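The values are calculated or read from the model by the stated rules, or taken from the named source; none is laboratory data. Bear in mind that the values here come from a model prediction, so they are computed numbers and not experimental data. Note that each Cβ is placed from the backbone with ideal geometry, even for glycine, and that neighbours are counted across all protein chains shown. All accessible areas refer to the heavy atoms of the entire protein, side chains included, with ligands and DNA or RNA removed. Shrake-Rupley method; radii C 1.70, N 1.55, O 1.52, S 1.80 Å.
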Amino acid sequence: MSIQTNDPAEFLPRRRPSQERSRRRFDDILRAARALLVEVGFESFTSEQVALRAGVPIGSLYQFFGNKYAIICELDRLDTVNVQAELEKFAGEIPSLDWAELLMKLLDHLAALWRTDPSRRAVWLAMQATPPTRAIAAEHERDLASQVARILAPLTPGSKISDRQSIAEVIVHVTYSMLNFSIRDGQSHPDAVVQLKTLLTGYLVAAETEAAKNKRTGS
């Protein structure tokens, strides 16, 4: 099945349940979708298989999701919300930690999440399947980057707000790419996380040094 539409509604849940029974069914569908996606990959992933795995009639699934792309986009949104919650926990430690220490601690925590939950990579890969899903994944990354930019504010006082947002978007994109790279082939590759730490540390040092220089020179 391919989606040829610019209608954003095609990639959103048709409705979000308000009653407890419906919420349980909604959550059951998403849990089944995660497990199935890891097992069969996105090309073989279908709404019918998800309904069967979740133990719900296909009509019930279609009440919530019009197609498999909407299911994947909801999973990606939930993964983003989860990472945002983790970021908030670390933001509460500022300014008791310097930014380098905070970054190392955060990356170790995120790497552990990726190692223990293979569905994160499966969802990320599925979101690259079509131009619309890639665009939605980029929106989710920008939402996360806005939060990172706010966290960076007290840690990188020399940077302009607009520059800080760009820096944050680079950080988020590189982090996601490298975390997914670190668990490629169904195996953990911890050296990739070490390299990610080196990359981001050097990048932030260079960005803040350049910002401080521009501030002194007025450029």
Protection proxy ranking, peptides 42-48, 61-67, average beta carbon neighbours within 10 Å, highest first: 61-67, 42-48
Cβ-derived FRET efficiency at R0 30 Å, Asp163 paired with Asp117, nearest 0.05: 0.35
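Please compute the per residue accessible area over region 160-219 with all protein chains in place, 1.4 Å probe, rounded to a whole number of Å². Before the final figure, lay out each step's value.
Details: 3510 Å² over 60 residues.
Here the residues of region 160-219 average 58 Å² of exposed surface.
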Reported to the nearest 10 Å², Asp191 has, with a 1.4 Å probe, an accessible area equal to 90
Sequence-distant aspartates and glutamates (8 or more away, or on other chains) whose Cα lies within less than 13 Å of Lys68: Glu10, Glu43, Glu48, Asp76
Which of rounded, prolate, oblate describes region 1-82, given a ≥ b ≥ c as roots of the alpha-carbon gyration tensor eigenvalues and a/c under 1.5 marking rounded, otherwise prolate only if a/b is larger than b/c? rounded
Straight-line reach from Lys213: which lysines have a Cα under 21 Å away, not including same-chain ones fewer than 8 places off? Lys160
Listed residues His109, His173 arranged by accessible area, highest first, probe 1.4 Å: His173, His109
On the accessible surface of the chain, probed at 1.4 Å with all protein chains in place, carbon and sulfur together account for a percent value of 54
Using a Gaussian network model of the chain whose springs link C-alpha atoms within less than 10 Å, name the residue from Ala138, Ala168, Ala122 with the highest mean-square fluctuation. Ala138
With labels modelled as points extended 7 Å from the Cα through the Cβ direction, what inter-label distance (nm, one decimal) is found for Phe90 paired with Val40? 3.6
Could you check the simple spin-label distance between Arg24 and Ala138, using points 7 Å along Cα→Cβ, in nm with one decimal? 4.2
Measuring from label point to label point, each 7 Å out along Cα→Cβ, what is the Val174 to Leu199 span in nm? 0.7
